[in-house]
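The values are calculated or read from the model by the stated rules, or taken from the named source; none is laboratory data. This one's a predicted model, so the numbers in the text were calculated from it and none came from an experiment. Here the Cβ is made from the backbone with ideal geometry for all residues, glycine too, and neighbour counts use every protein chain on show.
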Amino acid sequence: MNVRLLLPCLVLSVMGASAAMAQAAPENVPAAQLNKELDVLQVKPDEASDACISAMRELHDTQKKMPDEEDASSRDASDLAVAHDVLESNYETAIEMCGPDARRLCTTPQPSEKLVHACGILNAEDD
């Protein structure tokens, strides 16, 4: 099975979860940054490195293990804090692994209009 084919699925699942996190906590900068990088990589998923795909897989696995709101109310606060720390760490790792791939893709000669748009959004915060 081609691992590169998994990236679009992982991207969509992570984007949905990170969008929900961003709505719940507008200060969730890692989720917003990762979404910008993934928007670029969605244009050409084959350009994602193995490290990026692995980091996305780890993030997705952690998200699946996060308790929903119902479970969270019955959990120990320290357990939830640890779970959120792990999730935040996974976001940071995914950003570190996928960011260079996205920025490299933004230097593609004769990029598509979709890529130009996604790169513009990604690069807007870098300026």
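A few remarks follow.
- Residue in region 11-32 that is outside any loop (DSSP other than H, G, I, E, B), under 26 Å from residue 123 (Cβ atoms), touching a Ser or Thr at 6+ places or on another chain (Cβ under 6 Å) and at pLDDT 95 or above present: no
- Those residues of region 102-119 which are surrounded by 14 or more Cβ atoms within 10 Å (Cβ to Cβ), touching a residue at least 12 places away in the same chain (Cβ under 8 Å) and in a helix (DSSP H, G or I), in sequence order: 102, 103, 105, 115, 118, 119
- Residues in region 78-101 that are exposed (fewer than 15 other Cβ atoms within 10 Å of the Cβ) and closer than 20 Å to residue 45 by Cβ: 96, 100.
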